[in-house]
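One structure is given here, and the rest of the page talks about it.
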Amino acid sequence: MAAAAPPPPPTPAPSAPTGLSDSTPGGHPLFSRIRLATPLDIPYIQKLIHQLAIFEKLADLCTATESDLASTLFKSPPFHSFTIFLLEVSSRPFENDSAFHSQNFTPIERIINLDHSVSDPEAEAFANGISGDVVVAGFVLFFPSYSTFLGKPGFYVEDLFVRECYRRKGLGKMLLSAVASQAARMGYGRVEWAVLDWNANAIKFYEEMGANVLPEWRICRLTGPALEAHRDAN
């Protein structure tokens, strides 16, 4: 998770028609919500993945298109395969949208009190188009794994990302905690993920959440031509 300095106080201005830069009497509450993503969210997810790749200095490896995501995600019930929690924020309370409630997961809502309002230069691109000034601020993608040592399933977190202007506000912790909470409720044994060795801020963040960073383990990967070379091995 990248560390970013808090934005400077906004210059007083007349009320704007959209919300995240608006001044709120008595403070600047940021209403946050974590919900299950749906196929309608794929355009936001693709943009977030691209921003993550840029942040990790791996943009040249990021080739996923909206079509790729649509053909591989949302093919199984949540938590049985690839699952995405979407993080949304608003300067106003969320409307009670029953479409986001299911037997699988009830959206998690929190109010974060900020000293200053958030200036989001990409608010229009990430507006959810459903209600008010709600914008997509981040996501976490995870899927089931299995520990033979524990004899229990777990979750592996593939991606965790919060857009730059919403970092250092507890939202990354909220996303990761949502995955851990789901794993605990399902009786799973662990949640695992990888972190880039140069990302000291992320390592510190994960350690503060109670995670053990395992330097003795290395990631091994077959992809591209190396993977294709095994196509007719059997």
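Points to keep in mind about this one:
- Qualifying residue in the range 45-68 (condition: of a type in the set (Phe, Trp, Tyr) and in a loop (DSSP other than H, G, I, E, B)): no
- Flag for Ala211 being part of a helix (DSSP H, G or I) and either surrounded by 12 or more Cβ atoms within 10 Å (Cβ to Cβ) or at pLDDT 95 or above (or both): no
- Checking the range 142-159 against the condition returns a match, with at least one residue being under 11 Å from the mean Cα position of the chain (by Cα) and among the aliphatic types (A, V, I, L, M).
- Within the range 79-105, the set of residues being more than 20 Å from Gly129 (Cα to Cα) and either surrounded by 12 or more Cβ atoms within 10 Å (Cβ to Cβ) or in contact (Cβ under 8 Å) with a residue 60 or more places away in the chain (or both) comprises Phe79, His80, Ser81, Phe82, Thr83, Ser102, Asn104, Phe105.
- Applying the condition of being open to solvent by less than 70 Å² (accessible area, probe 1.4 Å) and more than 24 Å from Leu36 (Cβ to Cβ) to the range 166-199 and asking which residue is nearest to the chain's Cα centre (by Cα) yields Val195.
- Taking first residues from the range 65-78 that are buried (at least 17 other Cβ atoms within 10 Å of the Cβ) and partners that are of a type outside the set (A, V, I, L, M) and in a helix (DSSP H, G or I), the Cβ contacts under 7 Å between residues at least 6 apart in sequence or on separate chains come to Leu69/Gln46; Phe74/Pro39.
Residue by residue, here is whether (1) touching a residue at least 24 places away in the same chain (Cβ under 8 Å); (2) outside any strand (DSSP E or B) holds:
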| site | (1), (2) |
| --- | --- |
| Ser117 | yes, yes |
| Gly129 | no, yes |
| Val140 | yes, no |
| Ser145 | yes, no |
| Phe155 | yes, no |
| Val179 | yes, yes |
| Gln182 | yes, yes |
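- Tally of residues being aliphatic (A, V, I, L, M) and farther than 21 Å from Ser81 by Cβ across the range 139-188: 3
The values are calculated or read from the model by the stated rules, or taken from the named source; none is laboratory data. Since the model is a prediction, treat every value here as computed from it, not as a measurement. Cβ sites come from the backbone with ideal geometry, for glycine too, and all protein chains shown count toward neighbours. When the accessible area is computed, the model is the full protein with side chains, heavy atoms only, and any ligands, DNA or RNA have been set aside. Shrake-Rupley method; radii C 1.70, N 1.55, O 1.52, S 1.80 Å.
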